[in-house]
Amino acid sequence: MKSYISVKDLLQRKHFENIEVVAGHDGLARIVKWVHVVDVTKIRNLLNGDELILSTGLAWKEDKVLFLSVVEQLIESQAAGLCIEIGTYTSFLPQEIIDLANEHHFPIILFKQEVPFVEITQDIHTLLINHQYQMISDLEGYSQALNKKLLTIEDHNEILTFIHQYLNIQVVTIFGNHEIQFTPKVSEKEKDELLNIIDNHALASPSPSVASMPIQLLGDSKAELIILSRDRQITDFDQLILDRSATALAQFLLRKHYVEEKRHAEETEWLMSWLEGEYSEESIQEFLAYHTPAVKPKGAFVCLCRLDPFEHYSNVDLTYFKLYTRTIFEQQGFTLFSIEKRDYLIFIFLNKRNTGTWKQRMKEGIQKLLQNETKIAKNKSRPVLGIGKYVEELKNIPFSYQTAMETIRIQKRCSQHEGSYFYDDLHIFRLISHLHKHLDLKEIIDEYLEPVINYDQKYNGKLMETLKTYLACNGSKQETAKRLYVVRQTLYHRIEKLEKLLGKDFMNHEKRLAIEFMLHSYEFLLSSKQVKGAEQESL
């Protein structure tokens, strides 16, 4: 059953045999909700819209100006059309009125002989009331059929197709990630036209041929369900079908969301247990065979990604970042599993290609990942990456996880190593970090560097900077002066001062190695204090 009764449908009824449509042929698809007899000239406040008007023309008789005013009021009141009994009080239809009706697609129908308005209204009202009862029955049938579908469907497209087939109308779904789906599919040109209609409806001029309903899920708007037609307006029945369909779609998405969340929670729990060393090599291989049967890993490692501040990233941001990261590194020959923990995203990388090239491929992937910061960070701070040891046996992933965390910790303490993503590249700082956990590193540093530190604090002599640069230049005075932007005489004076404070043998091989180690250790401790201070201030 059609969800509406149009002017054209009523023209097939009894008493409409001897008629002529003299204007507004393009408006015969207008919906009729009621029929009303009118023979007054002031009708603007008497109508609710979508009424088919029957009239003898008594109110205006042969007064063209009054007749034109009546038609203008009908058009303004959104009446469905005007039926006039010609000959009794009105014998002609002025061209101005025909032009006005054609301009607004407003049907004007002439009865060429006398007709019983009472019988017409009784017939049409009976038809409309029966149609309403039938729509209620059809709506109940639609709801039952939709509920049955919800028990078996596995894709939301089945719901969208069901709406389209039932109403024979275009369905458009706009999801929260801005994905737009057309049911049935249309050409690119038609897509643009339909989206233009929807935009105009939402922003500029609401259209009676468009209706929309938000899809709410746990208080969050996940999508918008839209129906639209180019050849008729949306009826109350269409709106009810849309409402039932939106509820069904929300229920389906909620069920799907629950299943995905449960699966994700179970997977996250398993992956965390893997990182904590609770599984054997055989158990891990069984897990991978189920989740990634096509992947035969040649080794693995853990990459930590710190997003600071983490709370500024919405679920959409995090999902996009994980998808973007997975896409980039899959092209480099890796398969990824991801976990969210506190302020970190933890990625477990499985290597599918040559073991000897994994590090270079990671560097290329990281470069691509960080090149497009606008997509990743959206004006937030840049992600910090820490990559742990590469392990060939998957049961050793916990070791890679621990070394990835150590990489992040060292990066936070040593600003000059912010670009060192790999644990393997931190060399001396790994040793310093290890010693710091078990020894009083400050006491050893003071043994070698305290005189220089105290001198700089007292006189701002820049001796620490000079010492570090002089050692980095392998004792080349010319290169050191160039890097420090000082004249040689100033450099010679500083070196003499260093010899007095450290001893004239400070450039001898063994002592020099010890001093260089202590310089790195000093920077490590200094950065540690700054990090702790910053954390205390944030608290």
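The values are calculated or read from the model by the stated rules, or taken from the named source; none is laboratory data. Values in this document were obtained by computation on a predicted structure and should not be read as measured data. Neighbour counts are summed over all protein chains in view; Cβ atoms, including those assigned to glycine, are modelled from backbone coordinates with ideal geometry. To get the accessible areas, we keep the full protein, side chains included, count just its heavy atoms, and leave off ligands, DNA and RNA. Shrake-Rupley method; radii C 1.70, N 1.55, O 1.52, S 1.80 Å.
In segment 123-132, the count of residues that are charged (D, E, K, R), at pLDDT 90 or above and over 30 Å from residue 257 (Cβ atoms) is one or more.
Name the residue, out of 431, 441, 519, that is touching a residue at least 40 places away in the same chain (Cβ under 8 Å), within 30 Å of residue 302 (Cα to Cα) and under 57 Å from the mean Cα position of the chain (by Cα).
441
At least 2 residues being at pLDDT below 85 is the threshold, and among the helices (runs of 4 or more DSSP H) wholly inside segment 404-487 those reaching it are 428-438, 441-459. Note on segment 21-36: residues that are open to solvent by less than 80 Å² (accessible area, probe 1.4 Å) and either within 13 Å of residue 124 (Cα to Cα) or in a strand (DSSP E or B) (or both) total 7.
Tell me, please, whether a residue that is within 30 Å of residue 152 (Cα to Cα) and acidic (Asp, Glu) can be found in segment 253-260.
Yes.
Within segment 78-103, residues that are more than 23 Å from residue 47 (Cα to Cα) and free of Cβ contacts under 8 Å to residues at least 40 places away in the same chain have Cβ atoms under 7 Å from residues that are of a type in the set (Asp, Glu) and surrounded by fewer than 20 Cβ atoms within 10 Å (Cβ to Cβ) in these pairs: 88/114, counting only partners at least 6 apart in sequence or on another chain. Only one entry in 97, 108 is within 24 Å of residue 13 (Cβ to Cβ), modelled with pLDDT of 85 or more and within 56 Å of the chain's Cα centre (by Cα), namely 108.
Selection of segment 153-210 for residues being free of Cβ contacts under 8 Å to residues at least 60 places away in the same chain, open to solvent by 40 Å² or more (accessible area, probe 1.4 Å) and in a loop (DSSP other than H, G, I, E, B) yields 154, 155, 168, 178, 179, 184, 185, 187, 205, 206, 208.
For residues that are among the charged types (D, E, K, R) and under 16 Å from residue 429 (Cβ atoms), scanning just segment 504-526, find the one that is surrounded by the most Cβ atoms within 10 Å (Cβ to Cβ). Restricting to residues being among the charged types (D, E, K, R) and under 16 Å from residue 429 (Cβ atoms), the top hit is 523. Looking across segment 335-358, not a single residue is of a type in the set (Ser, Thr, Tyr), under 18 Å from residue 317 (Cβ atoms) and out of contact with any Leu (no Cβ under 9 Å at 6 or more places or on another chain). Note on segment 296-381: enclosed helices (runs of 4 or more DSSP H) holding 1 or more residues that are β-branched (Val, Ile, Thr) and at pLDDT below 80 are 315-330, 373-376.
Look at (1) modelled with pLDDT under 90; (2) open to solvent by 40 Å² or more (accessible area, probe 1.4 Å); (3) among the polar types (S, T, N, Q) and you find that residue 78 fails only one, number (1).
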